[in-house]
1. Can you list residue pairs whose Cβ atoms sit under 9 Å apart, with the first residue in region 6-23 being touching a residue at least 40 places away in the same chain (Cβ under 8 Å) and the second being assigned to a helix (DSSP H, G or I) and open to solvent by 50 Å² or more (accessible area, probe 1.4 Å)? Count only pairs 6 or more apart in sequence or on different chains.
2. Checking Ser65 against (1) over 14 Å from Val128 (Cα atoms); (2) at pLDDT 85 or above, which single condition isn't satisfied?
3. Quick one: Ile50 ticks every box in (1) open to solvent by less than 80 Å² (accessible area, probe 1.4 Å); (2) in a helix (DSSP H, G or I) except a single one, so which number is it?
4. Among Val144, Val173, Val194, which is more than 14 Å from the chain's Cα centre (by Cα), surrounded by fewer than 18 Cβ atoms within 10 Å (Cβ to Cβ), under 25 Å from Val79 (Cβ atoms) and modelled with pLDDT of 90 or more?
5. Any chance region 151-168 includes a residue that's buried (at least 17 other Cβ atoms within 10 Å of the Cβ), over 21 Å from Phe193 (Cα atoms), more than 12 Å from the chain's Cα centre (by Cα) and in contact (Cβ under 8 Å) with a residue 12 or more places away in the chain?
6. For Leu75, all conditions in the list (1) touching a residue at least 60 places away in the same chain (Cβ under 8 Å); (2) surrounded by 14 or more Cβ atoms within 10 Å (Cβ to Cβ) hold save one; what is the number of the exception?
7. Take the residues in region 59-72 that are out of contact with any helix residue (DSSP H, G or I) (no Cβ under 9 Å at 6 or more places or on another chain) and assigned to a helix (DSSP H, G or I), then tell me which one is least open to solvent (accessible area, probe 1.4 Å).
8. Filter region 31-47 for residues that are open to solvent by 80 Å² or more (accessible area, probe 1.4 Å) and modelled with pLDDT of 90 or more and give the result.
Amino acid sequence: AAATADRRFFIPIAAGLVILAIAYIAGSALLWPLGIVAVAGAAGLVAIAIARRRLSREHLRAHVSPGLFIYVAGLFVMVRAVEQAGITGAFVGAATSHVDSAASAVVSGLLGEAALCNVVNNLPGLLVFLSGAQSGGIAPALRVPFVLGALAGADLGPNLTPVGALSTMLWLVIVRRHGVEVSTWDFLRIGAFVAPLSILAAGILIALSFR
């Protein structure tokens, strides 16, 4: 009976996740606001959990970390303040002062974002670079390779430290609540090997695409 109940809950949740993944891809292609897609998907999954009586206050208290959401919200407020102060354009301009080709723009965006995301998290870090690029921090002809490099840096840079990406922080919370202790040192030790290699490979491939 328990297995049947779990199956009745698992199938609609799995179907909902597949639909959400497709909606993300379609939304990205059609330039929809992905925040709306995420909220709608989350609401649908919550509705399934409520209908199957698998959601409770105890469940939420055990698996939702309010402090983490406050931390991320604070980062976005900080980035917005920096953007309105006109600092992002100057920051990107300084980071790209020696950029004179598409390849060097890729490297500048990749390494700069990889470093920044381990300081302020990859989401607000990428917003800084995108805002700076749009406000004239880099020449229009080099903007695309710079942004592509920054996007790769936002994905690969967080592999270095556990605070580089929100997804990493969430997974660490989940695995620790399940009794698997992953220390900061363990993450850094593996990240110091994985991150530089993946960043180097991405930089070479993206730079070659502009030759």
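The values are calculated or read from the model by the stated rules, or taken from the named source; none is laboratory data. Just so it is clear, the model here is predicted, and its values are computed rather than measured. Please note: Cβ atoms are built from the backbone with ideal geometry, for glycine as well, and neighbour counts cover all protein chains shown. Heavy atoms of the whole protein, side chains included, go into the accessibility calculation; ligands, DNA and RNA do not. Shrake-Rupley method; radii C 1.70, N 1.55, O 1.52, S 1.80 Å.
1. As it stands, the answer is Pro12/Ala51, since those pairs meet every condition given.
2. (2)
3. So the condition that Ile50 fails would be (1).
4. On the way: Val173 fails: modelled with pLDDT of 90 or more; Val194 fails: under 25 Å from Val79 (Cβ atoms).
Unique residue meeting the criteria: Val144.
5. At the first step, the residues of region 151-168 found to be buried (at least 17 other Cβ atoms within 10 Å of the Cβ) are 151-166, 168.
Still in the list and also over 21 Å from Phe193 (Cα atoms): none.
So far as region 151-168 goes, no, none of its residues is buried (at least 17 other Cβ atoms within 10 Å of the Cβ), over 21 Å from Phe193 (Cα atoms), more than 12 Å from the chain's Cα centre (by Cα) and in contact (Cβ under 8 Å) with a residue 12 or more places away in the chain.
6. (1)
7. Just the residues of region 59-72 that are out of contact with any helix residue (DSSP H, G or I) (no Cβ under 9 Å at 6 or more places or on another chain), to begin with: 60-61, 64, 66-67, 69-70.
Then drop every residue that is not assigned to a helix (DSSP H, G or I), which leaves 60-61, 66-67, 69-70.
Working: Leu60: 85, Arg61: 158, Pro66: 86, Gly67: 48, Phe69: 135, Ile70: 123 Å².
Per the criteria, the residue is Gly67.
8. Answer for region 31-47, where residues must be open to solvent by 80 Å² or more (accessible area, probe 1.4 Å) and modelled with pLDDT of 90 or more: Ile36, Val39.
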